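Below: one structure, written as structure tokens.
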Number of protein chains: 2
Amino acid sequence: MSDDLFVIRRAALFANLLPEDLRLLLKNARIIRFKAHEQIFAAGAQAAALYFLVSGSVRLFSLSSQGDEKVIEVIMPDATFAEGVVFLGGRYPVHAAAVTDSEVVELATHHFSSILANNHDMAMRMLAGLSTRVHQLIQDVASLTLETAGQRVAGYLLSQCSPTCGNEAIHMVIPKNVVASRIGVKAETFSRVLATLRGRELIRVTGNDIHVLDRDALMRWRDGVERT
Amino acid sequence: MSDDLFVIRRAALFANLLPEDLRLLLKNARIIRFKAHEQIFAAGAQAAALYFLVSGSVRLFSLSSQGDEKVIEVIMPDATFAEGVVFLGGRYPVHAAAVTDSEVVELATHHFSSILANNHDMAMRMLAGLSTRVHQLIQDVASLTLETAGQRVAGYLLSQCSPTCGNEAIHMVIPKNVVASRIGVKAETFSRVLATLRGRELIRVTGNDIHVLDRDALMRWRDGVERT
DNA sequence: CGTGTTGTTGACTCAATTCAAGAAGTGTGG
DNA sequence: CCACACTTCTTGAATTGAGTCAACAACACG
């Protein structure tokens, strides 16, 4: 049962946790499905749980006195939400509702907090996970503002084949348009970049697999700004 | 002495801490000045401290066996670095060196960890701070990829006058070019956007003060994509 | 009163998006 | 097995947002 709940490791908060930590946390966790527009929690309510979004999308918003709504944030899959307020033990500052049909993992505050209170190391691993994520995101912001689309694509390819360290193929599990948006380019641009890289024989594309043929050249291409 | 050390609150990690928390943490803290290119710590060394950068800039990098250097990250003021490894209690995975003359606050690992171990609430406040920062950064990434420069500028102005909730002036303490780069536009573009907003009488600029004349119109301008 | 810094404005360029059409691959049912 | 619809991907042409380069204005400061 709690085995597929391990998806929560994709959230920075849980990324560094040990299997036993996760098992403990997930003891009382449950998956809840919300239909589009269904409310998940209301602003002002005592924060009873934090959430991990498995699929779908969730809107955090507040309502003005006139009743019009201001969207604060849109949560996408693999992210946690309402965790901040759980750490501080207060009330939800915003409303949350599903935008599209969504699946969430719900972790009860009292359970979560009491585990954390008795497990200092786990708290440290969470801090480490979040702080890694902060650094990653700062990198992303930097790369969005001062790298070209081509450089970001090259960087992505390198990051994907870096662990296998050489001439292995990158198998694209996720559709290319999703990868494209992940690195901040349109699908068309992504396609074009792959085309020029293919032309320069830095990579070979076969179906959903991308082979990096010349890692060093690709790195040079990413760093230098050669045209043609 | 430890009073000006309170600048560390600018880091997400410390943003939520109580004054007494900070005082406790800063007991053994010290400010260290590094000249450009001076080493701060070496990869492989036991992580003895975490750092907060007050001014200057710091380079985190690793060295390949061939001796060439790969820059992992460039730390800018108000950020912490090496905090992740301190939470996990290991060795520094990278080298750190000042790029330009820099001031850092150094917090010794053993001191930091022992305080945190005895102060569960403080750990929770740190988690809350980091998680807020993560959400902020995700917002920033979103706004960089799917808003225009004009929208970001408008959003910035609104965020600055939102608390004072109306017709107060925003006093720009920081130079405009810094603000510009903060929101991901060139200084010239920033200037141009202010010019068009001035032309439309949504704002008035006098020296370093910017008055938002019509909040609602500015919001509409940010959301809608009207030209001219 | 020059000298340096910061901000403004104009003309030009280019990277990346948009729009649009077509190719390639995937699955369904007759 | 083919025909059909459907999604994903690729490619082309036109457009544009924002950056670059460069000149200049506005100001501060010694």
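Observations
One line per residue, one yes/no per condition, for (1) under 19 Å from residue A:96 (Cα atoms); (2) crowded, with 19+ Cβ neighbours inside 10 Å:
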residue: A:6; (1), (2): no, no
residue: A:13; (1), (2): no, yes
residue: A:17; (1), (2): no, yes
residue: A:38; (1), (2): yes, no
residue: A:58; (1), (2): yes, yes
residue: A:64; (1), (2): yes, no
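- Exclusive hit being within 14 Å of DNA strand D (Cβ to nearest atom), closer than 30 Å to residue B:50 by Cα and not assigned by TED's automatic domain parsing to the domain that holds residue B:14, set B:185, B:153, B:193, B:179: B:179
Residues are listed down the side, and each one gets a yes or a no for (1) of a type in the set (A, V, I, L, M); (2) touching a His at 6+ places or on another chain (Cβ under 9 Å):
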| position | (1), (2) |
| --- | --- |
| A:15 | yes, no |
| A:22 | yes, no |
| A:29 | yes, yes |
| A:54 | yes, no |
| A:59 | no, yes |
| A:89 | no, no |
| A:95 | no, no |
| A:103 | no, no |
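- Wholly enclosed strands (runs of 3 or more DSSP E) of the stretch A:107-226 bearing at least 1 residues open to solvent by 70 Å² or more (accessible area, probe 1.4 Å) and either under 28 Å from residue B:181 (Cα atoms) or hydroxyl-bearing (Ser, Thr, Tyr) (or both): A:203-206
- Residue match in the stretch B:175-185 (condition: under 21 Å from residue A:61 (Cβ atoms), in contact (Cβ under 8 Å) with a residue 12 or more places away in the chain and facing another protein chain (nearest Cβ under 10 Å)): no
The values are calculated or read from the model by the stated rules, or taken from the named source; none is laboratory data. These numbers come from a predicted model, not from an experiment. Here the Cβ is made from the backbone with ideal geometry for all residues, glycine too, and neighbour counts use every protein chain on show. Ligands, DNA and RNA are excluded from the accessible area calculation, which covers all protein heavy atoms including side chains. Shrake-Rupley method; radii C 1.70, N 1.55, O 1.52, S 1.80 Å.
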